[in-house]
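The values are calculated or read from the model by the stated rules, or taken from the named source; none is laboratory data. As the structure is a computational prediction, the values presented were derived from the model and not from experiment. With ideal geometry, Cβ positions are generated from the backbone for all residues, glycine too; neighbour counts draw on all protein chains shown.
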Amino acid sequence: MTHIGQVGQVETRPDGRPPTREASEERRSERESGRRAIAYAPEPGMLSPLAPWPLGCPGPAMHRKPRFTRVRTTLTATSPDEVAEGLTRDGYVIVEGALDAAAVAAARADLLGILEETPTGRNAFEGFSTQRIYALFAKTRTFDSIAIDPFVLGVLERALGHYQLSAPVGIQIAPGEKAQVLHRDDSVYPLPEPHPNVVVNSMWPLDDFTEANGATRLVAGSHRWEPARRPEVDPEIVVAEMPAGSAMFYLGSLWHGGGANTTERPRLGVILEYVVSWLRPQENHYLAVPRSVVRALPERLQELLGYNIYPPFLGYVDGRHPRSALLRSD
Ligand SMILES: O=C(O)CCC(=O)C(=O)O
């Protein structure tokens, strides 16, 4: 495939330096008013906003310590059709060379600046040595063109039909971080199993992902498991080792998790998670991304951030298409 995020498509400053963060003033005031991090702090025993099991509970895959057979992945695809076929068959697909080196460098530079002001995780699921950049589209313009790239949208159309962004998050796993509990991204939705695909995630590594630095771990084929099966005993774990600039697509029903980082250097990647338009996205983009920022985005990205309807009229605002809310001054 062609490079998705070529330099020309990534916004740069007039002098060619890495992208500015248009929302930096917004962020500063958000930080000062304490609004930046997710304000919801559940009590132990309550449902975590990020894990479908009570906080303090080890999670479904940890009740019995799994032993892993490690397999390195070699799956690659070059067209949305191939990716869609791979998702159906294996639950995940890697596309190498999706971003060129300059796009990776620009994205890294931008996110590294944001990470300087980003806290580490508050629970084992987020990762106590992991930083997560939530509200990504309020903080960087680096992923605008990637989120709406025709290749990416072609994959989503095939796998989900009508979709929107759910959870766009930068994830930096620092040295010493433990492996994240295996989980399914779509388990936040209380849907009976089996159900059609409702979530597709994409991982954009900005460092080479290796087993040692915490490459994502996947249980290949687990999206086809019978309901209630858990990866408790000898799951065959695929380690998604891939060069920076790759794109990995995986279904929300695939068991997976971030790996442990046993190296001396952090591992940076970005997930752009999408969900069908008839379900609530994980992040509330209306509140996460200021309307002044959304107004300046490409229309397709506005739609993916929720300024759209699921036909015929799910999501209307005052009887109108939600795009009309962007035209109002309030
Ligand atoms: O960072 C990774 O490799 C995966 C993270 C993940 O699955 C998650 O946080 O839900």
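Sort through D100, D110 and tell me the only one that's of a type in the set (D, E), at pLDDT below 95 and farther than 30 Å from E236 by Cα.
D100
Kindly list, by first and then second residue, each pair from a residue in segment 251-276 that is modelled with pLDDT of 95 or more and among the basic types (K, R) to a residue that is more than 11 Å from the ligand (Cβ to nearest atom) and in a loop (DSSP other than H, G, I, E, B), limited to pairs with Cβ atoms under 6 Å and residues at least 6 apart or on different chains.
Note: pairs meeting the criteria are R267/D207.
For the subset of segment 168-187 comprising residues that are buried (at least 22 other Cβ atoms within 10 Å of the Cβ) and assigned to a helix (DSSP H, G or I), which member is farthest from the ligand (Cβ to nearest atom)?
It comes out as D186.
How many of the residues in segment 205-218 are among the hydrophobic types (A, V, I, L, M, F, W, C), over 19 Å from T120 (Cα atoms) and within 11 Å of the ligand (Cβ to nearest atom)? Spell out the reasoning first.
First pass over segment 205-218, keeping only residues among the hydrophobic types (A, V, I, L, M, F, W, C): 206, 209, 212, 215, 218.
When the remaining residues are screened for being over 19 Å from T120 (Cα atoms), the result is 209, 212, 218.
Within this subset, residues satisfying the condition of being within 11 Å of the ligand (Cβ to nearest atom) are 209, 218.
Counting residues in segment 205-218 that are among the hydrophobic types (A, V, I, L, M, F, W, C), over 19 Å from T120 (Cα atoms) and within 11 Å of the ligand (Cβ to nearest atom) gives 2.
Across segment 79-124, what is the number of residues that are in a loop (DSSP other than H, G, I, E, B) and surrounded by 21 or more Cβ atoms within 10 Å (Cβ to Cβ)?
3
Is at least one residue of segment 282-305 within 16 Å of the ligand (Cβ to nearest atom), crowded, with 22+ Cβ neighbours inside 10 Å and under 20 Å from V200 (Cβ atoms)?
The answer is yes; a qualifying residue exists.
Being part of a loop (DSSP other than H, G, I, E, B) and among the small types (G, A, S) is the filter; apply it to segment 188-214 and report the residue that is surrounded by the most Cβ atoms within 10 Å (Cβ to Cβ). Even if it seems obvious, please write down each step before you answer.
First pass over segment 188-214, keeping only residues part of a loop (DSSP other than H, G, I, E, B): 189-198, 206-208, 210-214.
Narrowing the set further to residues that are among the small types (G, A, S) leaves 212, 214.
Values: A212: 16, G214: 32.
It comes out as G214.
Please enumerate the residues belonging to segment 270-281 that are in contact with a Ser or Thr (Cβ under 8 Å, 6 or more places away or on another chain) and within 10 Å of the ligand (Cβ to nearest atom).
Selection gives I271, E273.
At least 2 residues that are within 24 Å of H162 (Cβ to Cβ) in each: list the strands (runs of 3 or more DSSP E) lying fully within segment 219-330 that qualify.
On the way: elements: 236-239, 247-251, 267-276.
Result: 247-251, 267-276.
Out of the residues in segment 221-264 meeting the condition of being among the aliphatic types (A, V, I, L, M), more than 13 Å from the ligand (Cβ to nearest atom) and under 19 Å from the mean Cα position of the chain (by Cα), tell me which one is farthest from D100 (Cα to Cα).
The residue in question is A247.
Give me the pairs: first residue in segment 114-134 and under 9 Å from Q172 (Cα atoms) and among the β-branched types (V, I, T), second residue part of a loop (DSSP other than H, G, I, E, B) and within 11 Å of the ligand (Cβ to nearest atom), beta-carbon distance under 6 Å, and six or more apart or on different chains, which are they?
T130/G121; T130/E177
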